[in-house]
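Worksheet: one structure, shown below.
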Amino acid sequence: MVANKNFDEIAAKAAQDFETNGYAVIEDFITQDEIATMKCEADKLVQEACSNPDHLVTFNYDTIYKNDYYNKSQDKASFFYEPNAIKDGKLVVPAGIALSKIGHALHAVNDTFKQFTCNDARVQALFEKLNFEDPTVVQGMLIFKNPKVGSEFIPHQDAQYLTSDPVKLAGFWYALDDASVENGCLWFIPGSHKWPLARRFVRTGDENGGDLFKWTKPMPDYNDDQFVPAPVKRGSLVILHGLVVHKSAPNTSDKSRQAYAFHAYDKANSEWQPDCWLTPQPTFLPLAKSAKA
Ligand code: FE2
């Protein structure tokens with residue numbers, strides 16, 4: 001879409017949902033051509049990964065504490081593989097469906113994704129409706145959730161990883177495929193953005209070869225019954241409040257569930273916390289003021 005006369009109304013409704021539920025869905029936010037542009041760029045990146053088959057680092061909750069590749073991905077487009085795509089150091093699924101994600105600065109180092117993040121008037125208009133005075137993008141990533149291979153994301157609040165004080169963070173999640181319960185759509189606890197930050201993923205500061213990162217507390221016991229699914233059609237935008245509790249299940253289907261997601265905090269009204277895993281980088285980018293729809 002979306003540069004049409006109804007956009008102001010759509011953005012206002014999204015801001016209202018964001019305030020009430022902690023998340024909002026805008027259908028048909030991006031056109032089929034725009035989806036194709038992002039998917040084409042994603043394919044190029046996957047091919048790049050396939051041409052470097054020896055560099056197989058997983059995104060794995062058990063080993064992330066010591067993962068220096070993850071640490072160094074803050075300002076790059078780094079490739080992370082699915083834990084169950086690799087066994088004994090070798091790929092056990094086709095390379096084209098082995099990636100978990102590419103991040104964490106895709107919004108800055110890749111012109112295509114930069115365009116849809118920092119230089120898009122629709123994005124700028126939405127942040128204005130969300131009352132962000134100086135939206136500053138800190139992270140951009142492609143999330144693959146490939147058929148049969150894509151793994152779960154455990155319940156979390158995005159501000160656990162990306163903390164500013166007070167929390168003023170929003171995630172923009174572009175569905176590049178239909179996302180369903182079967183292929184691992186997002187699930188939310190509506191209204192949980194009014195809960196406090198449950199825990200944080202921080203740097204340990206250890207300089208003696210110990211863990212790089214740690215959780216400040218164990219994960220709270222969430223009740224599965226509290227979560228509601230948010231299935232969306234490709235082209236939809238999901239906006240996430242930094243405090244809303246959400247998760248996604250493994251993709252047990254034969255359909256891809258690809259997404260591009262970026263996060264921004266309000267630099268004018270919130271202070272980035274220095275012990276975040278993600279430290280201030282030249283890739284922390286403001287939205288371009290002259291963005292055109
Ligand atoms: Fe998240």
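The values are calculated or read from the model by the stated rules, or taken from the named source; none is laboratory data. These figures come from a predicted structure and were not determined experimentally. No Cβ is skipped: glycine too gets one built from the backbone with ideal geometry, and neighbour counts run over all protein chains shown. For the accessible areas, the whole protein counts, side chains as well, though only heavy atoms, and no ligand, DNA or RNA atoms are used. Shrake-Rupley method; radii C 1.70, N 1.55, O 1.52, S 1.80 Å.
Residues considered: 137, 167. Of these, the only one that is touching a helix residue (DSSP H, G or I) at 6+ places or on another chain (Cβ under 7 Å), of a type in the set (Val, Ile, Thr), within 16 Å of the ligand (Cβ to nearest atom) and in a loop (DSSP other than H, G, I, E, B) is 167. Looking at the structure I just gave you, is residue 247 over 22 Å from residue 15 (Cβ atoms) and without any contact (Cβ under 8 Å) to a residue 60 or more places away in the chain? No: the conditions fail for residue 247. From the residues in the stretch 243-277 that are in a loop (DSSP other than H, G, I, E, B) and among the acidic types (Asp, Glu), which one is farthest from residue 176 (Cα to Cα)? Ranking the qualifying residues of the stretch 243-277, first place goes to 275. State yes or no: is residue 153 open to solvent by less than 40 Å² (accessible area, probe 1.4 Å) and either at pLDDT 95 or above or within 16 Å of the ligand (Cβ to nearest atom) (or both)? Judged against the criteria, residue 153 is not a match.
Against the list (1) within 14 Å of the ligand (Cβ to nearest atom); (2) open to solvent by less than 50 Å² (accessible area, probe 1.4 Å); (3) within 17 Å of residue 160 (Cα to Cα); (4) aliphatic (A, V, I, L, M), the condition residue 212 fails is (1). Selection over the stretch 21-53 of residues that are more than 24 Å from residue 79 (Cβ to Cβ), open to solvent by less than 80 Å² (accessible area, probe 1.4 Å) and part of a helix (DSSP H, G or I) gives a count of 1. Just one of the listed residues (225, 206) is surrounded by fewer than 21 Cβ atoms within 10 Å (Cβ to Cβ) and part of a loop (DSSP other than H, G, I, E, B), namely 206. Just to be sure, is residue 293 within 21 Å of the chain's Cα centre (by Cα), more than 16 Å from the ligand (Cβ to nearest atom), at pLDDT below 95 and open to solvent by 20 Å² or more (accessible area, probe 1.4 Å)? Judged against the criteria, residue 293 is not a match. Within the stretch 244-273, being among the hydrophobic types (A, V, I, L, M, F, W, C) and away from the ligand (no atom under 11 Å from the Cβ) holds for 249, 262, 264, 268, 272.
The number of residues in the stretch 41-56 that are within 19 Å of the chain's Cα centre (by Cα) and touching a residue at least 40 places away in the same chain (Cβ under 8 Å) comes to 4.
Open to solvent by 40 Å² or more (accessible area, probe 1.4 Å), within 19 Å of the chain's Cα centre (by Cα) and basic (Lys, Arg): is that true of residue 257 in this structure? No.
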